Ligand SMILES: Nc1ncnc2c1ncn2[C@@H]1O[C@H](COP(=O)(O)OP(=O)(O)OP(=O)(O)O)[C@@H](O)[C@H]1O
Ligand SMILES: Nc1nc2c(ncn2[C@@H]2O[C@H](COP(=O)(O)O)[C@@H](O)[C@H]2O)c(=O)[nH]1
């Protein structure tokens, strides 16, 4: 696979720094802090037990903040569960994906061994929202309203594009403006969740763009074309897909012209592409909701209703948000098919935290390149 064989023995692996060695199939995954304490990073090394060779994989995703120690257990052939100690419970549950479909795909792209972090979210969490529709229909206008009204709730996934900035567009805010050679390299290195050639330029959503929003605890909004929506549908990012339609093709053309940002040639190209996009809005299984943007305020109200409907499914978990904020240290003590028992290492009466917790993994969803949702926790009475 092209990795360097690392000179690294099991003895070396288990001394010198706090780490866990987890066996999955023919491999041992060693997860620990860097030996160099000044560099706060988590190191991962993989031992192929048959060939006795070590590999340092490419590690994708945002890693947990390294803590003094962790507890780790394989869930199946695809994932290792890691509980970081000494941090709030809702910051402590992580998955190291070692052979999920996303990891397999990235391994193929990169030609190296790959693992990926995915943070665990207690409860269903909020699915990202993909908004598609033809150029000029008003996607950006609707998203801007949402971000202005709910700045702490929604975060915009800032795409990369090779097109030139418009007059009022700011690099890093509206787009990351980039060069073709750079985006091609980043795509080949697996840094993108999706990308597409749109109206003669390359546009793409980096994994980092989505993760930086979710890491702020906000709901991620993606403004992408129909090809991008298709790619996200096929990825492990579970999202809500909304297609915004114009009231008529004439009105779409009017808006595009009135915006005054494109040349006549570009307008013609965007209108041609709009017909194709409108044709695909009814593709089976692609979009969850269609919104007509006739009167802007009405459409915005409908969008808010759609998102609020989805919110109703949130936080049905009996484990309260307050419990999740408790800082404590849990160790994994046992595992069965669907539950993992976690034992508190701190004094229950002092910390107020439950001494024994059952972590239910039966309804997990999502995963790298996003978060792993659907974790359920319940306190278990100890005798
Ligand atoms: N409901 C509406 N009625 C009238 N004009 C609208 C409406 N919604 C948006 N507009 C206007 O239409 C133009 C295009 O809107 P906007 O830039 O938000 O489209 P978009 O879908 O984001 O386009 P693109 O895909 O090219 O980024 C803007 O000038 C905007 O002010
Ligand atoms: N597949 C993707 N499409 C994207 C992305 N970011 C924006 N877009 C779409 O491009 C067109 C044109 O946008 P404009 O800003 O040049 O007018 C529009 O339909 C956007 O939805 C992306 O990351 N991926």
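The modelled label-to-label distance for the pair residue 105/residue 301, using points 7 Å beyond Cα in the direction of Cβ, is 3.9 nm. Neighbour counts of other Cβ atoms within 10 Å put 173, 30, 24, 244 in the fewest-to-most order 173, 24, 30, 244. Using Cα atoms only, what is the angle between the long axis of helix 249-259 and the major principal axis of the chain, expressed in degrees (0 to 90) to the nearest 10? Its long axis makes an angle of about 80 degrees.
Treating each Cα of the chain as an identical point scatterer and summing with the Debye formula, the log10 of I(q)/I(0) at q = 0.08 Å⁻¹ comes to -0.48. Annotation: extensible slack from residue 77 through residue 53 equals 6.7 nm (criterion: 0.36 nm per residue apart, minus Cα-Cα distance). Neighbour counting of Cβ atoms within 10 Å sorts the residues 95, 195, fewest neighbours leading, into 195, 95. The angle separating the long axis of helix 264-280 from the principal Cα axis of greatest extent in the chain is about 60 degrees.
The label-point distance for residue 251 and residue 275, in a model that sets each label 7 Å from Cα toward Cβ, rounds to 2.1 nm.
Ranked by the mean number of other Cβ atoms within 10 Å of their residues, highest first, the peptides 156-165, 130-139 fall in the order 130-139, 156-165.
Note on the stretch 67-224: Rg/Rh from C-alpha atoms, Kirkwood Rh, equals 1.01.
With 0.36 nm allotted per residue and the present C-alpha distance subtracted, the residue 26-residue 87 stretch has 18.8 nm of extension available. The alpha carbon convex hull volume per residue for the stretch 200-271 rounds to 130 Å³. Panel order for 264, 113, by other beta carbons found within 10 Å of each beta carbon, from fewest to most: 264, 113.
Values in this text are rule-based calculations from the coordinates and carry no lab data. Quick caveat: nothing in here was measured; it's all calculated off a predicted structure. Virtual Cβ from ideal backbone geometry, glycine too; neighbours counted across all protein chains shown.
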